[in-house]
Amino acid sequence: MNISSALEYNSKQCFSAEVIQIIQSEVGASLTKVFDEETIEKISAWQTSHQLESDGKLGRKTLEAMISDLKEQKKLGEAVALEQHLNRMQEINIKAFLKFIRYAEHKREDDGVYFILYGGETFSDTTKHPNKTVKKWGKESSAAGAYQILSSSWEEAKRKGKVVNFTASEQDKYAIWKLATRGAMKYVKIGNIEKAIATLRQEWASLPGASQSKMTMSEAKQHFQKYVKEYSRP
């Protein structure tokens, strides 16, 4: 077990002091309300006793096992608190990853990216996909919006009932649908963006390792963690 790695991992999961105390009580650590070496060692021992990988990291499997344990002990309030944290972190990771894709596509962080056509022009009608083919940089494309969605791909999503209009929220719904259909959602929820990106390079060529990307995986992780912190604020 690498204690430093576990401390770093757990610190990025945005646990409240109260939830940390619940975890410390469950694993038999001192109730300091902060992650320290003793807590990591106790988590690792707890993982071993529950046939889990004893890395000291509070990933989804460990948290789900703790929730189950707390329910068996009739500590329902503590179980609910952990469930709420787990659900909130999954929602935050999804939001952060969507913002990361938008940044990768546009190198911008503002909401104006929802109204950009391939090539840089803008549009204002969000009742439907612009469906405007633009010739630039040696190619033609109908890509539009925050996730540079092709008109044909949008129409497919619309036929399947996944989207309605081309507003920002519907564009987000499209991207979430793609995360699910490409098999990336399970990785996004737990914050494993390296594996998520590996499944999405055919969808977004701006992602690290894809055909049009100059971004490194290290840069991607930095941006993702930045957005996780942003969405974790009360």
Response to the item:
Quick note, the range 98-183: a/c under 1.5 would make it rounded; otherwise a/b > b/c is prolate and the rest oblate (a ≥ b ≥ c, C-alpha gyration tensor); here it is rounded
Practice prompt. Determine, for each peptide in 99-108, 123-132, the mean count of other beta carbons within 10 angstrom over its residues, then list the peptides with the highest first.
Written response: 99-108, 123-132
Fill in: Bins of 10 Å, starting at 0 and running to the largest distance - Cα pair percent for the range 174-234
23, 52, 24, 2
Fill in: Filter on Lys162/Lys186; Lys139/Lys178; Lys95/Lys186; Lys57/Lys221; Lys99/Lys162 - keep pairs with C-alpha separation over 22 Å
Lys139/Lys178
Worksheet item: Rg(Cα) of the range 3-74 divided by 2.2 N^0.38 Å?
Response: 0.98
Discussion item. How many angstrom lie between the Cα centre of the range 32-77 and the Cα centre of the range 128-188?
Written reply: 40
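All of the numbers you see were taken from the coordinates with simple rules; none came from a lab. All figures in this text were calculated on a predicted structure; none of them were measured in a lab. Methodologically, a virtual Cβ is constructed for each residue, glycine included, from the backbone with ideal geometry; neighbour enumeration extends over all protein chains shown.
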